[in-house]
Amino acid sequence: QVQLVETGGGLGQAGGSLRLSCAASGSFFKMGWYRQAPGKQRELVASITRGGTTNYADSVSGRFTISRDNAKNTVYLQMNSLKPEDTAVYYCNAKPFSIGGPEYWGQGTQVTVSS
């Protein structure tokens, strides 16, 4: 049973910082963070492959940094220069090495940024 356990998040202020962590119970090719704001579709925030290749949404590029510790099967999202529009539920995602294999999602963690 694969589990993704998210920690971090909560309430932050505009211009401030928050950090999210996601620990997986196995090893995955690509791990990342998605977010979903009320009334909006879930969107990719950032992803990182096991080899360290990263991808960011334009809206967070230069403010957020994704990293991972392969030995711990853990991915992090450092969020700086927060904006109220970053408010959303953030979900950890893990994609397998095998093509067509199942991907997994965390339970979600709320991030709220006050102005």
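The values are calculated or read from the model by the stated rules, or taken from the named source; none is laboratory data. Source: prediction; values computed, not measured. Quick reminder, even Gly has a Cβ in these numbers, built from the backbone with ideal geometry, and neighbours come from all protein chains shown.
What strands (runs of 3 or more DSSP E) lie completely within the stretch 1-108 and have 3 or more residues being exposed (fewer than 15 other Cβ atoms within 10 Å of the Cβ)? Reasoning before the result, please.
Details: elements: 4-8, 10-13, 18-24, 30-36, 43-49, 54-56, 64-69, 74-79, 88-95.
So the answer is 10-13.
Could you count how many residues in the stretch 70-86 are touching a Lys or Arg at 6+ places or on another chain (Cβ under 9 Å) and over 11 Å from Gly32 (Cα atoms)? Give the steps one after another, and end with the answer.
Of the stretch 70-86, the ones touching a Lys or Arg at 6+ places or on another chain (Cβ under 9 Å) are 70, 74-83, 86.
Within this subset, residues satisfying the condition of being over 11 Å from Gly32 (Cα atoms) are 70, 78-83, 86.
So the answer is 8.
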Please tell me if Gln41 is touching a strand residue (DSSP E or B) at 6+ places or on another chain (Cβ under 9 Å), at negative phi and not basic (Lys, Arg).
-> no
Any idea which of (1) touching a helix residue (DSSP H, G or I) at 6+ places or on another chain (Cβ under 8 Å); (2) modelled with pLDDT under 95; (3) of a type outside the set (Phe, Trp, Tyr) is the one Pro38 doesn't satisfy?
-> (1)
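Could you please let me know if Gly62 is in contact with a Phe, Trp or Tyr (Cβ under 9 Å, 6 or more places away or on another chain) and free of Cβ contacts under 8 Å to residues at least 40 places away in the same chain?
Working: in contact with a Phe, Trp or Tyr (Cβ under 9 Å, 6 or more places away or on another chain): yes; free of Cβ contacts under 8 Å to residues at least 40 places away in the same chain: yes.
When the stated conditions are applied, Gly62 passes them.
For the structure I just gave you, tell me whether Ser61 is within 17 Å of Ala37 (Cβ to Cβ) and at pLDDT 95 or above. Break it down stepwise before answering.
On the way: within 17 Å of Ala37 (Cβ to Cβ): no; at pLDDT 95 or above: yes.
Against the criterion (within 17 Å of Ala37 (Cβ to Cβ) and at pLDDT 95 or above), Ser61 does not qualify.
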Run down Glu43, Glu85 and say which single residue is in contact with a Phe, Trp or Tyr (Cβ under 9 Å, 6 or more places away or on another chain) and modelled with pLDDT of 95 or more.
-> Glu43
